[in-house]
1. Could you work out the relative contact order of chain A, using alpha carbon pairs under 8 angstrom and six or more residues apart, expressed as a whole percent?
2. Along the positive direction of the dipole of region A:55-190 (beta-carbon charges: Lys, Arg +1; Asp, Glu -1; about the Cα centre), which of A:HIS127, A:TRP107, A:LEU85 reaches farthest?
3. Expressed as a whole percent, how much of the Cα-Cα distance distribution for region A:55-190 exceeds 26 Å?
4. So how much slack lies between B:TYR74 and B:TYR45, counting 0.36 nm per residue of separation and subtracting their Cα-Cα distance, in nm?
5. List the residue from chain A whose beta-carbon is nearest to the axis that rotates chain A onto chain B, together with that distance in whole Å.
6. Going through region B:91-145, which trypsin sites (Lys or Arg not before Pro) have at most 12 other Cβ atoms within 10 Å and a DSSP loop state?
7. Pairs of lysine in the protein assembly as shown with Cα under 30 Å and at least 8 positions apart or on different chains: total?
8. Just to verify a number: FRET efficiency for A:ALA34 and B:LEU179, C-beta to C-beta distance, R0 = 51 Å, to 0.05?
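The values are calculated or read from the model by the stated rules, or taken from the named source; none is laboratory data. Not measured: the values here are computed from a predicted model. Heads up, the Cβs are rebuilt from the backbone with ideal geometry, glycines too, and the neighbour counts pull from every protein chain shown. Note: areas computed on protein heavy atoms with side chains; ligands, DNA, RNA excluded. Shrake-Rupley method; radii C 1.70, N 1.55, O 1.52, S 1.80 Å.
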There are 2 protein chains.
Amino acid sequence: MEPKDNRASILTCALELFAAQGYDAIGVREICSAAGVTKPTLYHYFGSKRGVLETLVQERGAPLLARVQQAAAYAGDLRQTLRTLVLTYFGFADAAPTFYRLLLGLWFAAPNHDAFQVVARFNEQQHQVMEALFNAAAHDHGNMRGRQRIYAATFLGMINTYVGLALNGYLELTETHALQAVQQFSYGIYS
Amino acid sequence: MEPKDNRASILTCALELFAAQGYDAIGVREICSAAGVTKPTLYHYFGSKRGVLETLVQERGAPLLARVQQAAAYAGDLRQTLRTLVLTYFGFADAAPTFYRLLLGLWFAAPNHDAFQVVARFNEQQHQVMEALFNAAAHDHGNMRGRQRIYAATFLGMINTYVGLALNGYLELTETHALQAVQQFSYGIYS
DNA sequence: GTGTTAGTATACCGAACGGTATAGTATTTG
DNA sequence: CAAATACTATACCGTTCGGTATACTAACAC
């Protein structure tokens with residue numbers, strides 16, 4: 001029997017419930033009862049319902065961001081870097097589907113919504129990484145210049161689309177799909 | 001002064017509020033006060049809050065579905081059909097950005113959520129249209145066979161991604177982008 | 001032992017939620 | 001004119017919401 005860690009089990013239960021039912025549809029009470037604690041415990045650790053979501057995004061998102069940052073290092077071969085990136089994302093989504101579902105559920109959510117803004121900041125961080133990559137690549141590929149922002153956005157969008165469709169049972173995150181996606185995307189750039 | 005149509009103004013206000021703040025974040029009271037009516041009026045026309053959303057999706061979505069169905073007619077030139085489709089979607093999103101925002105906000109929302117299921121049915125209808133198109137095209141392009149479902153899903157996903165990024169200010173829905181998107185997508189198919 | 005701190009539970013707060021019972025008005029139908 | 005239908009307002013229902021005041025326990029500090 002592992003020593004009970006209320007903080008951790010609150011986060012785990014909240015993630016599962018948020019991902020399945022939506023942030024707004026889940027009350028603090030449900031999280032607490034699922035985690036086997038009472039409300040003051042949750043508020044002791046996170047201060048508010050939004051604090052739970054923020055902690056969740058930060059802590060569970062950090063590994064993804066770290067891997068992505070590493071995979072996004074540009075070494076002269078853009079296509080290869082993109083391949084590594086897609087595989088990194090697919091691997092993460094495969095290992096943490098519930099968390100990715102939470103992110104995707106708020107990807108295009110209402111802009112004035114509390115929960116959206118939390119996730120938007122996280123997405124913006126990923127966007128920065130991608131934009132830096134395309135900026136670096138634009139030195140070698142002059143015809144890309146001026147479009148780095150769009151490339152970053154559509155590349156991330158393509159990844160999220162694939163993951164979202166996979167989560168909804170439309171396809172699977174195979175290496176074949178990853179490579180095909182990169183090939184497709186690259187064709188749009190170099191042409 | 002137009003003759004006041006309470007039913008219509010409820011729908012209009014609900015759409016605006018849902019799209020901006022999210023379905024769950026908006027109460028029936030807010031819709032009513034924005035529309036200048038009281039709750040029994042709303043419940044007279046729509047029966048429930050969910051009924052408002054359902055009506056919204058059906059009535060505002062019908063024109064899109066009609067245009068898409070027409071544009072998806074296959075006449076031997078898949079690439080041209082896809083071009084027409086993307087332009088149809090872009091045109092609709094440009095004319096009804098608020099409604100499209102509502103759809104996108106629930107695109108990958110939590111699967112057990114009330115609002116998601118309403119939109120999911122609508123998305124499924126579009127998916128059927130796309131799948132039929134790729135089924136027809138697979139007669140001419142044997143190498144597509146068996147992948148029609150994936151093609152339909154990723155094609156719609158690509159469109160939604162572009163529209164979503166446009167709504168969030170990352171790009172604009174120009175004809176150039178539309179053609180580029182199709183070219184990209186087609187390359188993934190024929191290769 | 002005496003504070004002090006971290007963590008947890010009971011019980012409660014006011015506000016907002018979705019929805020409705022009742023009563024009215026205005027228009028149409030006989 | 002009477003009856004029925006469509007629509008709208010006042011006022012209310014019970015429930016749940018996010019959040020908290022208070023108190024208690026265990027552990028560690030001095």
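1. 21 percent
2. My answer, from the dipole projection, is A:HIS127.
3. On the way: 1838 of 9180 pairs.
Within region A:55-190, distances greater than 26 Å cover 20 percent of Cα pairs.
4. Working: separation 29, 0.36 × 29 = 10.44 nm, distance 3.95 nm.
Length difference between fully extended and current span is 6.5 nm.
5. Output: A:ASP24, 2.
6. Numbers: sites: B:ARG101, B:ARG121, B:ARG145; in loops: B:ARG145.
Loop-located and lightly packed - B:ARG145.
7. Number of lysine pairs found: 9.
8. Values: r = 49 Å, r/R0 = 0.97.
Efficiency for this residue pair is about 0.55.
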